[in-house]
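Here is the structure we will look at.
The values are calculated or read from the model by the stated rules, or taken from the named source; none is laboratory data. Remember, it's a predicted structure, so these values are computed and weren't measured experimentally. With ideal geometry, Cβ positions are generated from the backbone for all residues, glycine too; neighbour counts draw on all protein chains shown.
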Amino acid sequence: MIKKVAILANGGDCSGFNAVIRAIKKTCETNGIECYGYIDGYRGLVNNNYIRLDGSEKASGILTKGGSIIGSSTNAIVFHYKVEHEDGTVTYEDLSDQCVKNVKEAGFDCVFTLGGDSTQKSARDLFLKGINTIGVPKTIDNDVACTDITFGYNTAVHVATEAIDRLHTTAETHDRIMVLEVMGRFAGWIALESAISGGADVALIPEIPYDINKAAEAINKRKENGKRFSVVVVSEGAHPINAEQTTHAAEGIDSKAGISVKFGGEGNRVAKELKELTGLDSRCTILGYMQRGGTPTAYDRVLSTKYGAKAMELAMEGKFGVLTVIKNGKLDYVSLEDVVGENKEIGAVQGGTAESNVRYVTMDDDLVKTARDIGICLGD
């Protein structure tokens, strides 16, 4: 019998966090269950810092708000947690046993983990250590395994599409190539879908190493047809056939603690090379954190609410160690074991590894076929 649950939000913020929190909270209130939220994700779990949400004004009126009212943590992996000592030294320690102790002493019957691949990897590992966990798939990159869509993705695509619309008018006015770099480290869902919805001419994604000459050919062909402007969308994780992704060191982050490099800058490389190959002035806009913030779309509000309510239903049914998913358009759930793929080692530093079960864009996906049908160059 579920009496008391807690929620934690982890990873980069995105629209829909609060809608999930609200749905879990309201389902708890409907069923007379206490609902709490850990402050700043896994950091709150380590520090035993949580607040009550059911019946709270703090958790009221949050459906339309972006971000998370209970905060979120990044690079806070409880199995390799950064500990700063009084003498200034830093160590990375396994604090998972402390987390288990905190949850049990608080009397939480279930902890809901709202996050992406790395978040759900830790949720699986904590489940194996005795904490009842239920995951909810969050990431604007849409790359969590076993689900058709993650919350936050639709809003990110909407923002990227609006950016393309605005860049389109500038490109046409000044006879320029306008390059838009969007998020997507390992998967090109945002770039591909926004390119289609925004009428872009070229879309470069991580799954298809690109030949810049192919992109230039497509733009030069438009020039020959009297169109002296083009719009190019580039995933931050895209890369040429003969080079790696453009990355830089993540400041202040040890490789033991989590992701130690940040993607970004590929759009500038593409813009520079296209200018040289086409003779057209070329500019790059990096959309960055604009994709994460702000009001969720109606689609994401509904999706997040469905996910949150389903997660609470699973808890009341005693189904733990699972992830809520959408399969073929219907709510369902899968084991967190399936989500982590071959990344089975308990306490592995992060998700997003070669062994992880990341959801990539496949070449037989409808989006790829549609892009090719309407003449979007994918760089191959």
Item to check | Residue ID - nearest to the chain's Cα centre (by Cα), chosen from residues in segment 10-27 that are among the small types (G, A, S) and closer than 19 Å to E57 by Cβ | outcome: A19
Item to check | Selected residue [surrounded by fewer than 22 Cβ atoms within 10 Å (Cβ to Cβ) and touching a Lys or Arg at 6+ places or on another chain (Cβ under 6 Å)] from D165, D175 | outcome: D175
Checklist entry - In segment 146-157, how many are among the aliphatic types (A, V, I, L, M) and part of a helix (DSSP H, G or I)? => result 2
Next on the checklist: Take residues that are hydroxyl-bearing (S, T, Y) and tell me which of the strands (runs of 3 or more DSSP E) falling wholly in segment 1-116 contain 1 or more.
Outcome noted: 34-38, 50-52, 81-84, 90-93, 110-115
Checklist entry - Residue check: is T278 touching a residue at least 24 places away in the same chain (Cβ under 8 Å) and not assigned by TED's automatic domain parsing to the domain that holds L331? => result yes
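Listed here are the residues, each with its yes/no results for (1) within 28 Å of K327 (Cβ to Cβ); (2) aromatic (F, W, Y); (3) part of a helix (DSSP H, G or I).
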site	(1), (2), (3)
I140	yes, no, no
V144	yes, no, no
V159	yes, no, yes
R166	no, no, yes
T173	no, no, yes
V179	no, no, no
I208	yes, no, no
A216	no, no, yes
G226	no, no, no
Checklist entry - Which number in (1) at pLDDT below 95; (2) within 20 Å of the chain's Cα centre (by Cα); (3) closer than 30 Å to G37 by Cβ marks the one condition that T246 misses? => result (3)
Checklist entry - Can T119 be described as among the hydroxyl-bearing types (S, T, Y) and either part of a helix (DSSP H, G or I) or at positive phi (or both)? => result yes
Next on the checklist: Looking at G329, G308, G288, G294 in this structure, which one is under 25 Å from T155 (Cβ atoms), within 18 Å of the chain's Cα centre (by Cα) and surrounded by fewer than 14 Cβ atoms within 10 Å (Cβ to Cβ)?
Outcome noted: G288
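For (1) crowded, with 18+ Cβ neighbours inside 10 Å; (2) out of contact with any Cys (no Cβ under 9 Å at 6 or more places or on another chain), each residue gets a yes or a no:
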residue: A6; (1), (2): yes, no
residue: A9; (1), (2): yes, yes
residue: I24; (1), (2): yes, no
residue: G32; (1), (2): no, yes
residue: G41; (1), (2): yes, yes
residue: V46; (1), (2): yes, no
residue: N49; (1), (2): no, yes
Checklist entry - Pick from segment 147-162 the residues that are under 21 Å from Q120 (Cα atoms) and surrounded by fewer than 21 Cβ atoms within 10 Å (Cβ to Cβ): which of them is nearest to the chain's Cα centre (by Cα)? => result I149
Checklist outcome for this item: Picked from segment 192-203 (must be over 13 Å from S230 (Cβ atoms) and of a type in the set (A, V, I, L, M, F, W, C)), the residue surrounded by the fewest Cβ atoms within 10 Å (Cβ to Cβ) is I196
Checklist outcome for this item: Residue set K25, K3; condition of a type in the set (D, E, K, R), closer than 26 Å to A156 by Cβ and at pLDDT 95 or above; output residue K25
Checklist outcome for this item: Taking segment 317-331 and keeping residues in a loop (DSSP other than H, G, I, E, B) and on the phi < 0 side of the Ramachandran plot leaves E317, K319, F320
Checklist entry - If you check every pair at least six apart or on different chains, which have Cβ atoms under 6 Å apart with a residue in segment 87-98 that is under 26 Å from V111 (Cβ atoms) first and a residue that is in a helix (DSSP H, G or I) second? => result L95/V46
Checklist entry - Of the residues that sit in segment 90-138 and are among the aliphatic types (A, V, I, L, M) and over 15 Å from I2 (Cα atoms), which one is modelled with the lowest pLDDT? => result V90
